[in-house]
1. Quick one: what pairs do we get from the range 63-76, first residue modelled with pLDDT of 95 or more, second surrounded by 10 or more Cβ atoms within 10 Å (Cβ to Cβ), C-beta under 8 Å, 6+ apart or different chains?
2. Which residues, taken from the range 48-62, are aliphatic (A, V, I, L, M) and under 26 Å from the mean Cα position of the chain (by Cα)?
3. What are the pairs, 6+ residues apart or on separate chains, where a residue within the range 14-31 that is surrounded by 10 or more Cβ atoms within 10 Å (Cβ to Cβ) has its Cβ under 7 Å from a residue that is of a type in the set (Asp, Glu)?
Amino acid sequence: MARHYNKTTYDSVIELKTYEVEALRKEIKSLKERLKKSDMMLLWYNDFVDLVQDNYNNIYNSACEFADEREHLTLN
């Protein structure tokens, strides 16, 4: 059996859903901006690491060992 809602209830639901949609759109926009910033940081980091690896191999190897040890400590 179908439910019947009065106009006030229907309008309230529409208003609430509209508010929720707008909040989600704002959150999506914020997340996209954060993702873009993270992508830019990752590109910079990759360029930096490539230069260190190509020109300062001993420092690069030591840094990799250090990072591996830190990661192991964090995960365990």
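The values are calculated or read from the model by the stated rules, or taken from the named source; none is laboratory data. Since the structure is predicted, the reported quantities are computational estimates derived from the model, not experimental observations. When we count neighbours, we look across all protein chains shown, and the Cβ atoms used for this are built from the backbone with ideal geometry, even at glycine.
1. Note: pairs meeting the criteria are Ala63/Val52.
2. If the condition is that a residue be aliphatic (A, V, I, L, M) and under 26 Å from the mean Cα position of the chain (by Cα), then Val49 is the only one that fits.
3. Correct list of pairs: empty, since none qualify.
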